[in-house]
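As structure tokens, the structure follows; a few thoughts come after it.
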Amino acid sequence: MIDFSALQLLLMGLTGWLERREREAIAYLIEENRLLRRQLGRGRLRLTDDDRRRLAARAHRVGRAALREIATIATPDTLLRWQRQLIARKWTYASKPGRRGVWLEIRRLVVRMAEENPTWGYTRIQGALKNLGHRVGRSTIARILKAAGLPPVPQRPTSWQTFLKAHWSVIAGADFFTTEVWTWQGLATYYTVFVLDLASRRVEILGSTQHPDALFMQQIIRTLTMAETGVMRTTHVLICDRDRKWSHDVRRRLRDADIRVVLIPERAPNANAYAERFVRSIKEECLDRIVPIGERHFRRAVGEFVEHYHRERNHQGLANELIAGTAVIDKGGRVRRRPRLGGLLNFYERAA
């Protein structure tokens, strides 16, 4: 015997389900129609993130089969992909209070690892992140690197900074800086050339002159290449800018002495950043704060600064340590100041 009450309940449930599907489809079409009316006359359809969110939410309720019949703005696959992205963002940013911080940390780590390790691919970075307690997919790593403008492994070059650090023990940087000096003939420009060892940050002043001609450069070459006391006796690569004073003849003489000269690109001072930083230091901390009166005064000021630079100045590139020696820490002594150039340069230490 047929149970008409059960059949009636079944029909009512099916009718309600169909009505719901129709309502969801109508709601989707209304939302789509609203977007189309708003974009009317503007040419190409441009949707905001909020538009995609609203449309994706409606599309998810309608289902893929119905979307094939009614969707016009985007394909069903696109609409449902927007829905998946919304869910991913919800779980990434809103589900747990600290999740956003974790995601930002992962992004920073991915970019850092790629920059510091140009041969690491997506899988290698994925493994390194796993060691730190982060499980991240290869596709996510690829998206992060693409957003940061970093290409895949075969196209990712070694950074100049990494190259320099790998060769610090054999590389030095050289440069000139100019200083206006008052002489008995009036204001004169002195050209000072120096060389800086990248590994230790030690600086050698090679000479100063008003006329950096070929004869002066020959003397600089002898100072650089002397077998026993030459500045370049432990380094074999010299980074210079494209100043004409580093002429073809000068470079040939250095090459004959087994010193390779690398000329940095034009308008790229960061390629010789450590030498440029020394110029900035001696200018800002010393020479720009005095009026050199005569060559003797000028040379004394440069000598005092170099001594201060090596023994009394903390260097951020060396973990805030001194180049020569270490500071004596004795908490029981009185703090005293050791001034240079009348207090222009100072060093503080504990009295014995």
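Here is a yes/no grid of residues against (1) more than 25 Å from Ala273 (Cα to Cα); (2) modelled with pLDDT under 85; (3) in the same structural domain as Leu206 (by TED's automatic domain parsing):
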{"position": "Ile106", "(1), (2), (3)": "yes, no, no"}
{"position": "Met113", "(1), (2), (3)": "no, no, no"}
{"position": "Trp120", "(1), (2), (3)": "yes, no, no"}
{"position": "Thr123", "(1), (2), (3)": "yes, no, no"}
{"position": "His134", "(1), (2), (3)": "yes, no, no"}
{"position": "Ala142", "(1), (2), (3)": "yes, no, no"}
{"position": "Pro152", "(1), (2), (3)": "yes, yes, no"}
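Considering the range 74-104, the residues that are modelled with pLDDT of 70 or more and among the β-branched types (Val, Ile, Thr) include one that is surrounded by the most Cβ atoms within 10 Å (Cβ to Cβ), namely Thr78.
The values are calculated or read from the model by the stated rules, or taken from the named source; none is laboratory data. Note that the structure is predicted; figures quoted are calculated from it, not measured. Reconstructed Cβ throughout: ideal geometry from the backbone, glycine too, with neighbour counts over all protein chains shown.
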